[in-house]
4 protein chains.
Amino acid sequence: MRVGILTGGGDAPGLNAVIRAFVKRATVQLGWEVWGIEDSFNGLFAERRRVWRLGPLDCRGLLARGGTVLGTTNRGDPFDYPSAHGSRTDRAAELAQAVRELGLDGLVCIGGDGTQRIAWRLMQAHGVPVVGVPKTIDNDLEATDSTFGFQSAVAVATDALDRLHDTAESHDRVMLLEVMGRDTGHIALEAGLAGGADAILIPEIPYRPGRVASKIHLRRAIGRAFSIVVVAEGAVPHALREADPAARKQALDDAGGAAGLAMASLRPLVDAEIRAVVLGHVQRGGSPIPADRVLATRFGVVAADLVQAGRWGQMVRLRHGVVDGVPLAEATRRVRPVDIDGEKVKVARAVGATFGDMA
Amino acid sequence: MRVGILTGGGDAPGLNAVIRAFVKRATVQLGWEVWGIEDSFNGLFAERRRVWRLGPLDCRGLLARGGTVLGTTNRGDPFDYPSAHGSRTDRAAELAQAVRELGLDGLVCIGGDGTQRIAWRLMQAHGVPVVGVPKTIDNDLEATDSTFGFQSAVAVATDALDRLHDTAESHDRVMLLEVMGRDTGHIALEAGLAGGADAILIPEIPYRPGRVASKIHLRRAIGRAFSIVVVAEGAVPHALREADPAARKQALDDAGGAAGLAMASLRPLVDAEIRAVVLGHVQRGGSPIPADRVLATRFGVVAADLVQAGRWGQMVRLRHGVVDGVPLAEATRRVRPVDIDGEKVKVARAVGATFGDMA
Amino acid sequence: MRVGILTGGGDAPGLNAVIRAFVKRATVQLGWEVWGIEDSFNGLFAERRRVWRLGPLDCRGLLARGGTVLGTTNRGDPFDYPSAHGSRTDRAAELAQAVRELGLDGLVCIGGDGTQRIAWRLMQAHGVPVVGVPKTIDNDLEATDSTFGFQSAVAVATDALDRLHDTAESHDRVMLLEVMGRDTGHIALEAGLAGGADAILIPEIPYRPGRVASKIHLRRAIGRAFSIVVVAEGAVPHALREADPAARKQALDDAGGAAGLAMASLRPLVDAEIRAVVLGHVQRGGSPIPADRVLATRFGVVAADLVQAGRWGQMVRLRHGVVDGVPLAEATRRVRPVDIDGEKVKVARAVGATFGDMA
Amino acid sequence: MRVGILTGGGDAPGLNAVIRAFVKRATVQLGWEVWGIEDSFNGLFAERRRVWRLGPLDCRGLLARGGTVLGTTNRGDPFDYPSAHGSRTDRAAELAQAVRELGLDGLVCIGGDGTQRIAWRLMQAHGVPVVGVPKTIDNDLEATDSTFGFQSAVAVATDALDRLHDTAESHDRVMLLEVMGRDTGHIALEAGLAGGADAILIPEIPYRPGRVASKIHLRRAIGRAFSIVVVAEGAVPHALREADPAARKQALDDAGGAAGLAMASLRPLVDAEIRAVVLGHVQRGGSPIPADRVLATRFGVVAADLVQAGRWGQMVRLRHGVVDGVPLAEATRRVRPVDIDGEKVKVARAVGATFGDMA
């Protein structure tokens, strides 16, 4: 057996741990050849062909290392690939051709929704056998209960909240922390719970600035002169609740992001210094926390199991504590938003956090 | 409503987060009185009565703080309490009397198996209404999928493995790390997976030293002159597999613990420096990691929900991602060992770790 | 002896450790009374008088806690205090009056340059005995070799660089990290050295964007497709080298800060994705690293020694490994910039970092 | 120029950072050849010759990585080398021969006192040009104000103290933490200050158990029912103050180390649970903290400067904030103990820590 492996989309802590687990299982125990493909599917194109054989010695240190040794990119969809002249071409057949040239029996594709969709289409349209491994730092894939990298990102965000807490309290300030989550608020919710945020603003619950301000004032009234607000990248005020995605995006861009928009909305209503921090790419890097290393390792091993069982066209996923496979066709269908009536939101409210819908 | 709250047994990161969540929910939102009882049930005895009223201001900083502000102790079972003269008395009626004197409607008891058993007996025998919150850093309670503190302990153990990896590799050494787990190997297994241990020795799988040595030699043969072995406190060699618990304990004590026993077993078989580190109490302290803060917060809030619903005699637990209540009578019944045929053990083998049953 | 203690200016990790050390030494060992004054000098004003007596029990947990339990503020200079009507008044005499009313023998003032200047003026103009403890997270006070909080801020910045390194490498990106340092580049230089930055842009060395771009291209030429740039808040391009402070500030504001300005300067010159992260207030909070806890403790104890010796009008400082006192009159005189011909800058160049003056 | 580089003695965080800085400076900027020699001087012996050429690409990731990529060993002194038959031979001439065979102009030797002595003797007796880089995690070399790795070890020890603090307080226990320091107590003193230890037991101040017990009782008397004691590996009770080193070592071994000896001494005197943790090798590994990365980088660059200037026979060192060279002959002369009348010891006493000489 000879299998290619690649990583696509934005990086997440744990990608290297998946690669390591797959390579160790596939080469040492199953005796296969594994070829790493660089920069997502792009490493297969003839003009930028970059593939190298991976053995157990290449895996040294990978379990704990952030990023991906295979590189990744958002260069574009092979089915609609940007050419030099600005036009777009379907280059998927070239990928299939490369897979044949390299003598690969199939591809293991670690990546987000986009990567999985391309993988699935490659299999359907061009007969390239694929197995998927889901990756979304936002943890918002319906098909799996959890993804690696998410808890590591939450840890970075929570650490930042802990630090801001100190400085906010010393200065009687309102501190906004913008965290990842363009479409869903899982990181904001989890970090907000873990960091004891007073307000948690997420895309799923458009916030009324007045209600956030009320919470801040209520705290001042009981002698807590500072407040901590965590804001997901995609959180918008209630006034924009019916705006279409493009209009939302425009409003966010105009305000310099979700924290900027929240600051602008709150400033007229709150008589306190307000400061914002945007964590940005810091959330993506660094050594994965232990739970993410374990989950990534399980994903990598089960990916090899799926290949071994000939279960091409499936994607690894975690469900009810067990890692198994699910058809790719189903897997890429749906984003999982925060359940706004779910237990976690209720718990956050129960310890006093507002989502800006109620004070 | 007036409720007492106490913490019993060994401490675990997240105890304070449970207290905080319960107090915030119970006092600010439900308007109850909450009384903290010190040093487990002992703070109720007349001669050492230590109770104090808890309000939201007492909860400042608790979410992120290790240990328990209420204190805890292993002083003894109130139903079989050690007296000054060496004899033992049943003092449970005094506790019930104290609960009445203090006008408490019931007790929220955060603690391990022992604490939950006492709580349940107090309710059955003396009519004291109780709600339980499970706490076991070993994560080995059958009744709940997960307990707070476990992932924090795994993080400490994994950090130690990462550090030992550096020094083992520099010196071509075999490094043993003893981690918590007297009866079950969950911490060793999880940290072993996260830290890339070459051997994972757990109580559930008595190890053959020769097979661990084979693994070490195999690594040397492929140029990896060092090895990392994680050992649970209760791991014993195969020769002791049928020894009764007392004999196991004796053998462990004689060897200075599980790492000492493993070292003594391996030394004659391995031609390399072997060093051992025993992490001990360091694993219990420190700020809980975000996931443990969140789980502890959920437990605290749902404990209040159970009280509010009059569901005395129940214990909070996590099942399939949801926190709810389960009858205490069932909850304390069983320890959950590592599933030796389960996915995690298979995954550990798949990435090359031995459990000492196979090389 | 009865002494007041206050903290002024922006917070820095270690403020609480100074307070703890001073209080323990002064109360337990010397038998003095210590009074904490809130919100810098403002807690002395009659209309917002907030002082409380500090004993050893108030110091529990302070050694490791970020922020300041006394609070701090930038509300204004008592000698030029903003009034409600927009005008400014000299209210220093009120402070001196408060010190007399409270029966304080003197004040220990922990703070930056501004705080020390006010303290010194209070002593000269109104006879209030003061001892100063320097605090500048930027470590740019000429009078002391080092200040607490600096290394903690460097640790936060270095951790961010480590994380950005992972994601930059995975995506072949240029990553800019803006760190504190409006006037001096010590944090950027130290974190740049510790985090292996490819370019370090500091206020002391105006950078030529073309030279930074050359460095980035040189790396790409040898197969390192990513680069890491650390930018101090006050770093400006060479074109602004002769601009006055106001013009520099305007240019920085217009570009959204130093990272924004650097990004705008580099974008036309570099054929790679460039992303920026601004760390902001995250650098100020969190538990001080051990070295900062030790330095802060030494400062607190020596402050008590100075008071005991009647050496009012002095400020604590570290010189050649020893903590002693220096006259406040001298202490507040000068900012210490990065020595652009010094060993650290040379070392940074020697390991390949550019400052934008040479490629 | 062609230079060999090796690391000797126990590992310390920062060794890789020295290697990286030297290689980058020497190869990229100065155009030299650098050869890494494995396992200290042993990699030069013909029967185990392991040398490989080091270039900048070999340095990727080294700045932040613990351990040493060159490996290290305590296999023995080349001037008195253990042979297979149990006898000892002077094999130094073979090293000199190897240096000639490899065409090396000299050696850069990173290591502790032992390594530096061997290096110096190699130069004197066999004319091998050497430059030394000091490494002692204990920070007890008279010739330099500070060594890399020390602050990283202090950080590990302080983190453990912070964690033990939580659990000690929850359980009203006395917790002993044994840290490195066979001959000197710098790590114990620094970590004790940073972690707020109640007692600090170091080799330089033999402790009277009764006085440590008094401190513990004093704390209980004021309601602090727990205490934290940090113990250096070489700390002994006052009764052994005049014992010769062999007798001290025997007493320590018999008691299972310094923490065991302290526990045995305290147990009869203290009415509280006492628990001990021995940190051991965990202190040596892990990524160096930023200050150690910077110091190691400076050492590596200045080592290249010394070579370039032909200053063979010198050792890099830090003095009064500047890194320069000092003759090896002087450098290896003296260990620097904790100054028992110095400021740091006084400061520790001032915040309430006992050294066991006074209560």
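Nothing in this text is a laboratory measurement; each read-out follows from the coordinates by a stated rule. For clarity, every value in this text was computed on a predicted model and none was experimentally measured. Cβ sites come from the backbone with ideal geometry, for glycine too, and all protein chains shown count toward neighbours.
Once you charge only the Cβ atoms, +1 for Lys and Arg and -1 for Asp and Glu, what is the size of the charge dipole of the stretch D:28-104 about its Cα centre, to the nearest 20 debye? Provide the component values of the computation, followed by the final result.
Details: 10 positive and 10 negative charges, 46 e Å.
The dipole magnitude comes to about 220 debye.
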Expressed in angstrom, Rg and Dmax over the Cα atoms of the stretch B:71-190 are 20.1, 65
Between A and B, which A residue has the Cβ nearest their rotation axis, distance in Å?
A:HIS320, 3
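Quick one: what do you get for the stretch B:306-347 if you divide its Cα Rg by 2.2 N^0.38 Å? Don't skip to the end; give the middle numbers.
Working: Rg = 14.3 Å, N = 42, 2.2 N^0.38 = 9.1 Å.
With N residues counted in the stretch B:306-347, Rg over 2.2 N^0.38 Å equals 1.57.
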To the nearest 500 deg cm²/dmol, what mean residue ellipticity at 222 nm is calculated for chain A from DSSP H runs of n ≥ 4 alone, each contributing -39,500 (n - 2.57), summed and divided by the residues?
-11000 deg cm²/dmol
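Restricting to Cα pairs below 8 Å that are 6+ residues apart, what does the relative contact order work out to for chain A? Please round to a whole percent.
Values: 791 pairs, mean separation 79.2, N = 359.
Over chain A, the number comes to 22 percent.
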Rounded to one decimal in nm, the spacing of the 7 Å Cα→Cβ label points at D:TRP52 and A:ALA84 is 3.9 nm
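Test of understanding: express the Cα radius of gyration of the protein assembly as shown as a ratio to 2.2 N^0.38 Å, with N the residue count. Before the final figure, lay out each step's value.
Values: Rg = 31.3 Å, N = 1436, 2.2 N^0.38 = 34.8 Å.
The protein assembly as shown yields a ratio of 0.90.
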Between copies, how far does the label point of B:ILE340 sit from its twins, in nm, shortest first, when each point is 7 Å from Cα along Cα→Cβ?
5.1, 5.5, 7.0
Compute the distribution of all C-alpha to C-alpha distances in the stretch A:190-281, in bins of 10 Å from 0, and list the percent of pairs in each, rounded to whole numbers.
16, 51, 28, 4, 0
In nm, the gap between the two label points placed 7 Å beyond Cα toward Cβ at A:ASP183 and B:ASP244 is 6.2 nm
What lysines sit close enough to A:LYS215 to cross-link, taking a C-alpha to C-alpha distance under 16 Å and skipping anything fewer than 8 places away on the same chain?
B:LYS24
Using 0.36 nm per residue of separation minus the Cα-Cα distance, give me the extension gain between A:LEU218 and A:ALA264 in nm, one decimal.
14.5 nm
If unit charges are put on Cβ atoms (+1 for Lys and Arg, -1 for Asp and Glu) and the dipole of the stretch C:196-318 is taken about its Cα centre, the option from C:MET263, C:LEU306, C:SER227 lying farthest towards the positive end turns out to be C:SER227
Per residue convex hull volume, Cα only, the stretch B:1-101, in Å³ is 90 Å³
Have a look at the stretch D:249-346 and give its Rg and Dmax from the Cα atoms, expressed in angstrom.
20.6, 63
Around A:GLY103: net Lys/Arg minus Asp/Glu count, Cβ-Cβ under 11 Å:
-1
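In peptide C:73-82, what is the residue-averaged number of other protein chain Cβ atoms found within 10 Å of each Cβ? Intermediate values should be presented prior to the final figure.
Values: counts 4, 2, 0, 0, 0, 0, 0, 0, 0, 0.
Mean shielding count: 1.
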Going by average Cβ neighbours within 10 Å, how do the peptides A:330-340, A:153-163 rank, with the highest at the top?
A:153-163, A:330-340
P(r) of chain D over all Cα-Cα pairs, binned every 20 Å from zero, in whole percent:
30, 49, 20, 1
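Tally Lys and Arg at +1 and Asp and Glu at -1 over the other residues with C-beta under 13 Å from the C-beta of C:ASP183: what net charge comes out? Mind showing how you got there, number by number?
Details: positive: C:ARG182, C:ARG248, C:LYS249, C:ARG334, C:ARG336; negative: C:ASP113, C:ASP138, C:ASP140, C:GLU142, C:GLU204, C:GLU233.
Taking every other residue near C:ASP183 into account, the sum is -1.
What full-extension length gain, to one decimal in nm, is calculated for D:GLN124 and D:ARG319 as 0.36 nm per residue of separation minus the Cα-Cα distance?
Numbers: separation 195, 0.36 × 195 = 70.20 nm, distance 2.56 nm.
Working it through step by step, the gained length comes to 67.6 nm.
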Here the stretch C:129-263 gives, from Cα atoms, an Rg and Dmax in Å of 15.9, 63
